[in-house]
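Some notes on the structure that comes next.
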There are 2 protein chains.
Amino acid sequence: MIKKWKKKSSKYLLENKIFKMREDLVTSPKLKTDHNVWVMEVPTWVNIIPITPQNDVVLVDQYRFGSEKSSLEIPGGMVDPGEDPKEAAIRELLEETGFVGKKVIEIGRVESNPAIMSNYTYTYLALDCEEKSSQKLDGTEDIEIIKKHISEIPNLIRNRDIEHALVISAFHFYNLYLSSE
Amino acid sequence: MIKKWKKKSSKYLLENKIFKMREDLVTSPKLKTDHNVWVMEVPTWVNIIPITPQNDVVLVDQYRFGSEKSSLEIPGGMVDPGEDPKEAAIRELLEETGFVGKKVIEIGRVESNPAIMSNYTYTYLALDCEEKSSQKLDGTEDIEIIKKHISEIPNLIRNRDIEHALVISAFHFYNLYLSSE
């Protein structure tokens, strides 16, 4: 049984619109010694696999500041304060693509990175998606919509066209969902 | 075609043994306006799926400071400066479990989180693993070894016993590897 590390104190080192960086002073249950650890506090995230009646997946391509290149992903983003994660996923899908699903179901949840981040990412599947409006992008957002047949996804992952860990986890939940249908 | 954002300047806000936090001033190619963005600079990470001749997966359970609870994962960690990622994965496997694989192959690579992190996580598969020594843990490390038959992994993910996104991505690569064998 793995023991909890006791938190003795906690302070914020940084704060911006994406995260708060926290430094905790914790005590090792094994050695009883004190150590500093760092936690990126982030709100709940969501992502959503939108599938059309033709079995196309509605993907989004956008520039990412961590990797400093564009990234082919499924729609997703941060849950707003007080917002339900499922509603957030439906909102992100509409804003980033203009698509709406007839049925939206939760298919999984991951710890985004339990070593250093505090949050979960919930994954949804949106079935029978249709384009209902144009994108509703924030001022600086620049998102290209790219449709790929669901059968192409494994090769897009193999060939590193899709590289985002949270997107690959989402497709893993999609496969688990199909195998339990 | 998604355009690159031009980086005008860059500064470090924080630095510790796990990451450096960078703030970049970047220019939107769409609006030509300047914006601050934040990047967690982290070394390359690795993880490794160790499988025994009995088709057990050698998992590790350890306390995680982001989620503030224990986390069931495959072995993994940071690549040391100048170290080859494959060697790092073999080293982490030995340190955390005492197991050694007869054959180790790269089966995938993800961007850990391209929105906010700079690094890749490489995934390896270690076949025919056997216990060659005891664990070689750092002073404070407390890692419990838990073996699970490979057939149990899908339900461990479904039931949220395995929750780490990078571990679920790793098992996705394992499935892709099996399907292309």
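The values are calculated or read from the model by the stated rules, or taken from the named source; none is laboratory data. Treat the numbers as computed from the prediction; the structure is a model and nothing was measured. So basically every Cβ, Gly included, is an ideal-geometry build from the backbone, and we count neighbours across all protein chains shown.
Being more than 9 Å from chain A (Cβ to nearest Cβ) and either without any contact (Cβ under 8 Å) to a residue 60 or more places away in the chain or β-branched (Val, Ile, Thr) (or both) is the filter here; which residues of the range B:23-53 pass it?
Within the range B:23-53, B:LEU25, B:THR27, B:LYS32, B:ASP34, B:THR44, B:VAL46, B:ILE48, B:ILE49, B:ILE51, B:THR52 meet the criteria.
I'm checking my understanding of the structure. Among residues of the range B:54-90 that are buried (at least 22 other Cβ atoms within 10 Å of the Cβ), farther than 21 Å from B:LYS148 by Cα and of a type in the set (Gly, Ala, Ser), which one is nearest to the chain's Cα centre (by Cα)?
Among those residues, the one meeting the criterion is B:ALA88.
Exactly one condition in (1) in the same structural domain as A:GLU141 (by TED's automatic domain parsing); (2) modelled with pLDDT under 95 is false for A:MET1; which is it?
Unmet for A:MET1, out of (1) in the same structural domain as A:GLU141 (by TED's automatic domain parsing); (2) modelled with pLDDT under 95: (1).
A:GLN62 versus (1) within 14 Å of chain B (Cβ to nearest Cβ); (2) assigned to a loop (DSSP other than H, G, I, E, B); (3) closer than 27 Å to A:GLU130 by Cβ: which is the lone unmet condition?
Checking A:GLN62 against (1) within 14 Å of chain B (Cβ to nearest Cβ); (2) assigned to a loop (DSSP other than H, G, I, E, B); (3) closer than 27 Å to A:GLU130 by Cβ, the one that fails is (2).
Which residue out of B:LYS8, B:LYS30 is more than 20 Å from A:SER71 (Cβ to Cβ) and in contact with a Ser or Thr (Cβ under 7 Å, 6 or more places away or on another chain)?
Residue meeting the stated conditions: B:LYS8.
Given the criterion surrounded by fewer than 16 Cβ atoms within 10 Å (Cβ to Cβ), in the same structural domain as A:THR52 (by TED's automatic domain parsing) and over 14 Å from the mean Cα position of the chain (by Cα), identify the matching residue among A:ASP128, A:ASP142. Can you show your working first?
Working: A:ASP142 fails: surrounded by fewer than 16 Cβ atoms within 10 Å (Cβ to Cβ).
The conditions single out A:ASP128.
I'm told A:GLU73 meets every condition in (1) outside the structural domain of A:ILE146 (by TED's automatic domain parsing); (2) within 30 Å of B:SER10 (Cα to Cα); (3) not hydrophobic (A, V, I, L, M, F, W, C) except one. Can you identify the failing condition by its number?
A:GLU73 satisfies every listed condition except (1).
Give the number of residues within the range B:119-172 that are among the charged types (D, E, K, R), part of a loop (DSSP other than H, G, I, E, B) and modelled with pLDDT of 95 or more.
Here the count works out to 5.
Just to be sure, is A:LYS32 out of contact with any Asp or Glu (no Cβ under 9 Å at 6 or more places or on another chain) and part of a loop (DSSP other than H, G, I, E, B)?
Yes; evaluated as a whole, the condition is true for this residue.
Going by what's in this entry, would B:SER9 be described as farther than 30 Å from B:HIS172 by Cα, among the small types (Gly, Ala, Ser) and at pLDDT 95 or above?
Yes; evaluated as a whole, the condition is true for this residue.
When you look at B:GLU96, is it within 13 Å of the chain's Cα centre (by Cα), in contact (Cβ under 8 Å) with a residue 24 or more places away in the chain and not in a strand (DSSP E or B), yes or no?
No; evaluated as a whole, the condition is false for this residue.
Could you pull out the residue among B:LYS136, B:LYS103 that is away from chain A (no Cβ under 14 Å) and in contact with a strand residue (DSSP E or B) (Cβ under 6 Å, 6 or more places away or on another chain)?
Values: B:LYS136 fails: in contact with a strand residue (DSSP E or B) (Cβ under 6 Å, 6 or more places away or on another chain).
Of B:LYS136, B:LYS103, the one residue that is away from chain A (no Cβ under 14 Å) and in contact with a strand residue (DSSP E or B) (Cβ under 6 Å, 6 or more places away or on another chain) is B:LYS103.
If I ask for residues that are within 16 Å of A:SER67 (Cα to Cα) and either in the same structural domain as B:ASN119 (by TED's automatic domain parsing) or part of a strand (DSSP E or B) (or both), which ones from the range B:11-26 would you list?
Once the filter is applied, which keeps residues that are within 16 Å of A:SER67 (Cα to Cα) and either in the same structural domain as B:ASN119 (by TED's automatic domain parsing) or part of a strand (DSSP E or B) (or both), the range B:11-26 yields B:LYS20, B:MET21, B:ARG22, B:GLU23, B:ASP24, B:LEU25, B:VAL26.
When the residues of the range A:154-168 are narrowed to those that are surrounded by fewer than 21 Cβ atoms within 10 Å (Cβ to Cβ), more than 15 Å from A:GLN62 (Cα to Cα) and out of contact with any Lys or Arg (no Cβ under 8 Å at 6 or more places or on another chain), which ends up farthest from the other protein chains (Cβ to nearest Cβ)?
That would be A:ASN159.
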